[in-house]
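Derivation of every value follows stated rules applied to the coordinates shown; laboratory data play no part. Please read these numbers as outputs of a predicted model, since none were measured by experiment. Methodologically, a virtual Cβ is constructed for each residue, glycine included, from the backbone with ideal geometry; neighbour enumeration extends over all protein chains shown.
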């Protein structure tokens with residue numbers, strides 16, 4: 001069971017790699033710049049939450065505008081640095097993609113398909129979609145974690161069967177104590 005969880009965790013952190021280091025460097029620069037630039041959006045929302053709730057969230061008709069304003073603000077304030085670091089990049093990028101999709105909907109509702117209004121949120125949404133699909137890239141915390149998890153999985157696979165069974169029995173006993 002632990003090996004399955006470890007394998008799934010490794011897949012969550014593993015990026016779709018290109019072996020070209022220049023490409024990976026550009027990927028990292030894009031991730032860091034987009035992540036850092038997005039932080040101020042969360043700070044702006046949280047600094048005047050009631051105004052944001054009235055001007056944006058109520059306009060698109062979401063219930064509980066203050067609650068959703070906090071969700072958007074904290075998603076941007078927490079998710080953006082995670083993307084910049086390349087840590088839990090896919091979940092953070094998914095949350096940020098969601099906030100940008102709502103922002104794009106707001107802009108379309110208010111101004112129609114006006115490029116000046118849609119431009120920034122569409123660019124951010126595209127970047128976060130890229131990171132959600134591809135992961136953080138080679139130069140990231142996610143890659144370090146994925147490498148560590150993969151090496152641990154490989155080390156477990158090379159152990160003799162008797163050692164694996166002993167460690168599995170110990171893990172099962174630990175689970176029994178936790179569930180008891």
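Computed from the C-beta positions of residue 12 and residue 70, the FRET efficiency with R₀ = 22 Å rounds to 0.25.
By the count of other C-beta atoms within 10 Å, a proxy for reagent exposure, 110, 71 are ordered fewest to most as 110, 71. Going by neighbour counts of Cβ atoms within 10 Å, the residues 14, 6, 90 line up, fewest first, as 6, 14, 90. Label separation (residue 133 vs residue 20): 1.7 nm, computed from points 7 Å beyond Cα along the C-beta direction.
Kirkwood radius, segment 20-140, all distinct C-alpha pairs, inverse of mean reciprocal distance: 14.6 Å. Work out, step by step, the length gained on full extension between residue 141 and residue 46: first 0.36 nm times the residue separation, then minus their alpha carbon distance; give nm to one decimal. This chain segment gains 31.5 nm when fully extended.
From least to most packed, judged by other beta carbons within 10 angstrom and beginning with the fewest, 27, 22, 148 follow the order 22, 148, 27.
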